[in-house]
1. Select from segment 76-91 the residues that are part of a helix (DSSP H, G or I) and crowded, with 16+ Cβ neighbours inside 10 Å and list them in ascending order.
2. Could you please find all residues in segment 6-41 being without any contact (Cβ under 8 Å) to a residue 12 or more places away in the chain and aliphatic (A, V, I, L, M)?
3. Restricting attention to segment 43-57, which residues are outside any helix (DSSP H, G or I), under 15 Å from residue 11 (Cα atoms) and of a type outside the set (Asp, Glu)?
4. Out of curiosity, is residue 72 surrounded by 13 or more Cβ atoms within 10 Å (Cβ to Cβ), at pLDDT 85 or above and either over 30 Å from residue 129 (Cα atoms) or basic (Lys, Arg) (or both)?
Amino acid sequence: MASGVALTAEQRRRIVRGDERGYSPEEIARFIPCSISAVHKWLHCWDEEGEAGLLDKPCKARQPSHVTPDEVVEIIIALVEEDPTILLSTLAKQVSELRWPNHEHRMKTRTIALLLQRSGYHKTDVWSKGGK
């Protein structure tokens, strides 16, 4: 079976029926046809949610892969309020050290700039909030 091909709700129900009748995941995969991992996935969904786990879920609009926690935005704003002349690279270093002290993680300066803009800040010579 080609990977990435979505199974219908009826095929998912057949997976569950096959399992209930004692067929192995390999046998079910050959019958449907689908991958063995798909059989395991849909059996897990059935175990967790019952019939609802086999239904198509509504498609979410494009979601960002990562959303910056409010706590991090608050740290950024506090640092800018403390020193309006702070550089983005310094902000990135300080935020990373405060938020992730034992990791190599480093926030991108572009992310920090966007977060500040969304919070109403802009930079000329110094960071300020409000009008340009």
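1. Filtering segment 76-91 down to residues part of a helix (DSSP H, G or I) leaves 76-82, 88-91.
Hits for segment 76-91 are 76, 77, 79, 80, 88, 91.
2. 6, 36
3. Looking only at segment 43-57, we keep the residues that are outside any helix (DSSP H, G or I), and these are 55-57.
Next, from what is left, pick out any that are under 15 Å from residue 11 (Cα atoms): 55-56.
Answer for segment 43-57, where residues must be outside any helix (DSSP H, G or I), under 15 Å from residue 11 (Cα atoms) and of a type outside the set (Asp, Glu): just 55.
4. Spelling it out, it is not the case that residue 72 is surrounded by 13 or more Cβ atoms within 10 Å (Cβ to Cβ), at pLDDT 85 or above and either over 30 Å from residue 129 (Cα atoms) or basic (Lys, Arg) (or both).
A quick yes/no check of all residues on (1) modelled with pLDDT of 80 or more; (2) surrounded by 11 or more Cβ atoms within 10 Å (Cβ to Cβ); (3) on the phi > 0 side of the Ramachandran plot; (4) touching a strand residue (DSSP E or B) at 6+ places or on another chain (Cβ under 8 Å):
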residue: 93; (1), (2), (3), (4): yes, yes, no, no
residue: 98; (1), (2), (3), (4): yes, yes, no, no
residue: 103; (1), (2), (3), (4): no, no, no, no
residue: 106; (1), (2), (3), (4): no, yes, no, no
residue: 110; (1), (2), (3), (4): yes, no, no, no
residue: 114; (1), (2), (3), (4): yes, yes, no, no
residue: 117; (1), (2), (3), (4): yes, yes, no, no
residue: 122; (1), (2), (3), (4): yes, yes, no, yes
residue: 127; (1), (2), (3), (4): no, yes, no, yes
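The values are calculated or read from the model by the stated rules, or taken from the named source; none is laboratory data. Predicted model only: the values in this text are computed from it and were never measured. Positions of Cβ are generated from backbone atoms using ideal geometry, with glycine treated the same way; all protein chains shown enter the neighbour counts.
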